[in-house]
Every structure is written in structure tokens, then in C-alpha cells.
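K.L.:
So that we are looking at the same thing, I have put the structure below in C-alpha cells.
The values are calculated or read from the model by the stated rules, or taken from the named source; none is laboratory data. The model shown is predicted, which means the values in this text are computed figures rather than measured ones. In this analysis, Cβ positions are derived from the backbone assuming ideal geometry, glycine residues included, and neighbour counts consider all displayed protein chains. To get the accessible areas, we keep the full protein, side chains included, count just its heavy atoms, and leave off ligands, DNA and RNA. Shrake-Rupley method; radii C 1.70, N 1.55, O 1.52, S 1.80 Å.
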Amino acid sequence: MSKVTTIDHPLVQHKLSLLRDKDTGCKAFRELVYELAMLMAYEVTRDLELKEIEIETPICKTTVQTLANEKIAVIPILRAGLGMADGIMSLIPNAKVGHIGLYRNPDTLMPTGYYCKLPQDIAERETIIVDPMLATGNSGIEAIHILKENNVGSIRFVSLIAAPEGIAAMQAAHPDVDIYVAHIDEKLNEHGYIVPGLGDAGDRLFGTK
């Protein structure tokens with residue numbers, strides 16, 4: 001079964017509280033999503049493999065540790081995932097970025113794909129999928145399925161808030177993919193929205209509602 005990590009750092013929880021507030025405007029919401037993604041990235045990348053190399057400091061030669069695989073990809077699920085991608089990229093600027101476009105059918109709550117563009121060498125990369133909300137889990141499950149079809153072996157899924165139903169669905173569908181969240185909320189409501197949640201992350205990010 002995949003590991004679920006709740007990142008409970010005080011700064012993460014403080015910024016998440018501001019993000020939830022209905023009075024937080026579009027500009028502040030975008031900034032908070034960026035900052036949360038950047039802070040969470042420390043924990044998400046904690047288990048990346050290291051290797052030893054020899055360098056020369058101004059004083060002497062020494063052995064240091066560096067990433068064993070510098071090939072990393074950040075994959076936002078469009079459109080809300082775009083708000084998190086830059087925050088993670090601020091820590092891993094050499095990562096490549098792919099995009100998976102999915103929208104949720106309001107009646108069936110199932111995802112429909114409309115766009116997919118991935119780095120050509122995606123199969124060689126440590127891959128981080130980002131989406132602010134893990135609600136039903138259907139979009140995340142489909143995004144992971146797309147990556148696996150492209151022979152990606154190392155996948156992490158990162159979300160700001162999650163519903164227990166979404167986590168359970170993702171673990172059942174992809175037990176090999178670890179999940180990172182800032183908070184696990186109470187439940188889904190009858191419309192498939194997370195309670196207490198923060199509303200529609202895409203609309204609040206881009207001011208479309």
C-alpha cells in the first residue's frame with residue numbers, strides 16, 4: 001500500500017488556513033498556493049537518491065553528495081495544478097514540466113482528458129504530479145494511468161487538501177504511488193466537493209468565478 005504523508009509543518013498549516021478563507025482574494029490565493037507547494041516540496045523530495053562525487057573547494061578536495069538522478073519532471077493537472085508547479089520549480093529549476101489536461105464531468109464526476117504533453121524522456125524521470133485538490137481521486141488516478149502508459153516508474157502525487165474517499169480510491173488504483181498532502185479533510189459532499197475544503201481551487205486561482 002502506498003504511503004500517505006501529511007505535511008504538518010506550522011508554516012504549511014498557517015498558510016493553508018489563509019488559503020481556505022473565503023475572503024482571501026485571487027492574488028493572495030495564488031501566492032499562498034505557490035508558497036505551500038514550495039514548502040511541501042522539501043518533504044516530497046526527501047527520499048530522492050544521492051550519490052557521492054569529488055569536488056574541490058577553495059581549501060581542498062572533498063567528497064560531497066549530489067542527486068543520483070537529476071532528471072525530475074513536474075506534471076500539473078490542468079488547470080489548477082498550474083498554481084503549484086512554479087512553487088516546486090523554484091526549488092528544482094532544472095526539472096522539466098509536462099501537462100495533463102483533465103476536466104471532471106459534473107454529472108458522473110469522472111475525468112475526461114483533453115490535453116497531454118510530456119517530456120520526451122519522461123520514462124527516465126522522477127515524476128511529481130501536482131493538483132491542489134484530491135477529492136474523488138478520479139483525476140489523479142487517470143493522470144497516474146497516463147504516466148504509467150508512458151513507462152514512468154517513479155511517481156509521487158502532491159495535493160494541498162484531500163478527502164479520505166479520494167485517498168482510498170487512489171491507493172486502491174495505484175498502491176505504488178505515494179501521496180503527499182497538507183491536510184486530510186472530513187469528507188466529500190453530495191456534489192463531490194471536499195468539506196470543509198476551500199472551494200474550487202481553479203476558479204480561486206484564476207478569478208473565473
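K.L.:
So in region 37-52, with the set limited to residues that are out of contact with any His (no Cβ under 9 Å at 6 or more places or on another chain) and within 16 Å of P93 (Cα to Cα), which one is most open to solvent (accessible area, probe 1.4 Å)?
P.N.:
M38
K.L.:
Look through A173, A168, A182 and report the one residue that is in contact with a helix residue (DSSP H, G or I) (Cβ under 9 Å, 6 or more places away or on another chain) and either over 27 Å from M38 (Cβ atoms) or surrounded by fewer than 16 Cβ atoms within 10 Å (Cβ to Cβ) (or both).
P.N.:
Within the list A173, A168, A182, the selection yields A173.
Results for (1) acidic (D, E); (2) over 16 Å from the mean Cα position of the chain (by Cα); (3) open to solvent by less than 90 Å² (accessible area, probe 1.4 Å), shown as yes or no for each residue.
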position: R20; (1), (2), (3): no, yes, yes
position: E35; (1), (2), (3): yes, no, yes
position: A68; (1), (2), (3): no, yes, yes
position: I72; (1), (2), (3): no, no, yes
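K.L.:
Turning to a different aspect of this structure: Inspect all residues belonging to region 119-138 and state whether any of them is open to solvent by 30 Å² or more (accessible area, probe 1.4 Å) and touching an Asp or Glu at 6+ places or on another chain (Cβ under 8 Å).
P.N.:
There is no residue in region 119-138 that is open to solvent by 30 Å² or more (accessible area, probe 1.4 Å) and touching an Asp or Glu at 6+ places or on another chain (Cβ under 8 Å).
K.L.:
I need every pair where a residue in region 147-170 that is over 19 Å from G101 (Cβ atoms) has its Cβ under 7 Å from the Cβ of a residue that is of a type in the set (D, E), sequence separation at least 6 or different chains.
P.N.:
As it stands, the answer is S154/E126; R156/D178; I161/D185; A162/D185; A163/D185, since those pairs meet every condition given.
K.L.:
So in region 74-87, with the set limited to residues that are buried (at least 23 other Cβ atoms within 10 Å of the Cβ) and not hydrophobic (A, V, I, L, M, F, W, C), which one is nearest to Q120 (Cα to Cα)?
P.N.:
Per the criteria, the residue is P76.
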